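In what follows, a single structure is set out as structure tokens and then discussed.
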């Protein structure tokens, strides 16, 4: 398989350089992929799809295809300039690595699933010495159990030898490590939101703001439930580890798609996680600004459009910091 080479951001239409070197990023609030330029002393944020129409760029033209890649790339990076290399995620390659601990957790989870599935097929019980904690499969007391499991998988799936079975398992573990890294990162952020937003007492919140706080809590719960559901789907898939090994290519591709969704989600939620990690325990204007930013992040993602457009009361409006075309 040839190694993926990420493309370089290149746009040939002169309009992209009409006002100097542009920066491509997501707009604030609605997070629309946009080109940002300086115009008459102000920051102008121009949606990429509007620019494509204005410049008459067909979707299948070189510039049209590059704009589409820029839109996708902004799920993985904060900003892009002309001449930048686009993130390797566009080709299914992660631009980051899980920690050794994440790899160990993933390995132990997958080996435990393998033991459970194989021994269930054989109608046998098993016992893991010391419990199924990270690294259990490398403990000399458990290595015999692991060998029985991989040998059983080899025969059940018809692999030519043990090395083929181990290779298939290793491919899946390598991708599961990314999932476990993201589980760790997202769970840490979710814990702050849960403690300081969802479980926060509302007794000291002014009545005029209580309903807004309630709405933000509801939206946060919806978002967290969606994240947890994605992890539940991965856990459920591991119940059929033999099926995953039988078609490892499909299993790896599926884990990569899930990895990228979780990575994009973690990037998007990180500012909100940071806000709530630093949120005070008392209600003041600083806290309310955090509630306000949380609403602006959550509403477009987890609230029906009509409900969102009618729910802006309760927040102070401030002078715009940019010009949006």
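For this structure, a couple of remarks:
- Residue that is nearest to the chain's Cα centre (by Cα) [pool: residues in the range 117-141 that are touching a residue at least 12 places away in the same chain (Cβ under 8 Å) and under 14 Å from residue 152 (Cα atoms)]: 117
- Each residue in the range 202-252 was checked for being touching a residue at least 12 places away in the same chain (Cβ under 8 Å) and over 30 Å from residue 291 (Cβ atoms), and 14 of them qualify.
- Criterion violated by residue 60 - all others in (1) on the phi < 0 side of the Ramachandran plot; (2) touching a helix residue (DSSP H, G or I) at 6+ places or on another chain (Cβ under 6 Å) satisfied: (2)
- The residue of the range 44-78 that is surrounded by the most Cβ atoms within 10 Å (Cβ to Cβ), among those that are farther than 20 Å from residue 8 by Cβ and in contact with a strand residue (DSSP E or B) (Cβ under 6 Å, 6 or more places away or on another chain), is 46.
- Residues satisfying the stated conditions in the range 195-207, i.e. in a helix (DSSP H, G or I) and within 15 Å of residue 287 (Cα to Cα): 195, 196, 197, 198
- Filter result for residue 11 (more than 22 Å from the chain's Cα centre (by Cα) and surrounded by 15 or more Cβ atoms within 10 Å (Cβ to Cβ)): yes
- Residue list for the range 158-184, restricted to those being surrounded by fewer than 17 Cβ atoms within 10 Å (Cβ to Cβ) and either under 18 Å from residue 232 (Cα atoms) or within 13 Å of the chain's Cα centre (by Cα) (or both): 184
Here is a yes/no grid of residues against (1) more than 19 Å from residue 302 (Cα to Cα); (2) outside any loop (DSSP other than H, G, I, E, B); (3) at pLDDT 95 or above:
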| residue | (1), (2), (3) |
| --- | --- |
| 186 | no, yes, yes |
| 215 | no, yes, no |
| 233 | yes, yes, yes |
| 245 | yes, yes, yes |
| 249 | yes, yes, yes |
| 276 | no, yes, yes |
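- Hits in the range 94-134 (condition: surrounded by fewer than 14 Cβ atoms within 10 Å (Cβ to Cβ) and assigned to a loop (DSSP other than H, G, I, E, B)): 95, 96, 97, 99, 123, 124, 125, 127, 129, 130, 131, 133
The values are calculated or read from the model by the stated rules, or taken from the named source; none is laboratory data. No experiment lies behind these values; they were computed from the predicted model shown. Cβ coordinates were reconstructed from backbone atoms using ideal geometry, including for glycine residues, and neighbour counts include every protein chain displayed.
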